[in-house]
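Only one structure is covered here, and it is reproduced in the block below.
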Amino acid sequence: MVEFKVVVNDVKTGKSYNIPVSGHHANSLIGKKINDEVDGIFVSLPGYKLQITGGTDKDGFPMRHDVPGSTRRRLLLTKGLGYKPKERGKREKKSIRGNTINQEIVQVNMKVVKPGAKPINEIISTEGKTEEKKEGAAPKEKKEEQQ
């Protein structure tokens, strides 16, 4: 089963939110490319439109928008995503991932293109509170039993 860590950047507030995505929502992201717009329902943000801006694979190699496909390639880079030269005019061979999402991608970066009705922090905090309540209830019961 495929699982992604989706980092959603809210352009208006400047905050980023880490949202784990798995199951059929994660499978629907496979095959999408950088700069494609996706519906926010895939990332538990109904009503939002998101644009894919990049990502990294399981070994930490970044995705690059100008490399077609989903394979990892070694390119001679002078500047840009994946390489920052120390000296002027220096070039180096670096491994870069293509612009298509596949099963080897771990992190997908997105930005908000069209916001929904509710702010992102409210949607995420309501999901987090239900999980905290479930986790928080069990330890209290154990403490009462021990006393």
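Key figures for this structure:
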read-out: Filter result for the condition that a residue is in contact (Cβ under 8 Å) with a residue 40 or more places away in the chain, of a type in the set (S, T, N, Q), surrounded by fewer than 16 Cβ atoms within 10 Å (Cβ to Cβ) and under 14 Å from Asn9 (Cα atoms), over Asn109, Asn121; value: Asn121
read-out: Residue in region 36-53 that is among the hydroxyl-bearing types (Ser, Thr, Tyr) and over 28 Å from Pro115 (Cβ atoms) present; value: no
read-out: Condition check for Ile105: closer than 17 Å to Leu29 by Cα and within 20 Å of the chain's Cα centre (by Cα); value: yes
read-out: Candidates Asp36, Asp10 - the one that is among the acidic types (Asp, Glu) and either touching a Ser or Thr at 6+ places or on another chain (Cβ under 8 Å) or in contact (Cβ under 8 Å) with a residue 60 or more places away in the chain (or both); value: Asp10
read-out: Residues being within 11 Å of Ile105 (Cα to Cα) and of a type in the set (S, T, N, Q) - total across region 51-90; value: 3
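Yes/no per residue for (1) touching a residue at least 12 places away in the same chain (Cβ under 8 Å); (2) more than 30 Å from Lys118 (Cβ to Cβ); (3) surrounded by 18 or more Cβ atoms within 10 Å (Cβ to Cβ); (4) among the aromatic types (Phe, Trp, Tyr):
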residue: Ser28; (1), (2), (3), (4): yes, no, no, no
residue: Gly60; (1), (2), (3), (4): no, yes, no, no
residue: Leu75; (1), (2), (3), (4): yes, yes, no, no
residue: Ser95; (1), (2), (3), (4): yes, yes, no, no
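Residues checked against (1) among the acidic types (Asp, Glu); (2) over 24 Å from Ile123 (Cα atoms); (3) touching a Pro at 6+ places or on another chain (Cβ under 9 Å); (4) at pLDDT 95 or above:
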residue	(1), (2), (3), (4)
Lys12	no, no, yes, no
Ser16	no, no, no, no
Ile19	no, no, no, no
Ile41	no, no, no, no
Leu45	no, no, no, no
Ile52	no, no, no, yes
Thr56	no, yes, yes, yes
Ser70	no, yes, no, no
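The values are calculated or read from the model by the stated rules, or taken from the named source; none is laboratory data. Remember, it's a predicted structure, so these values are computed and weren't measured experimentally. FYI the Cβ positions are ideal-geometry reconstructions off the backbone, even for glycines, and counts take in every protein chain you see.
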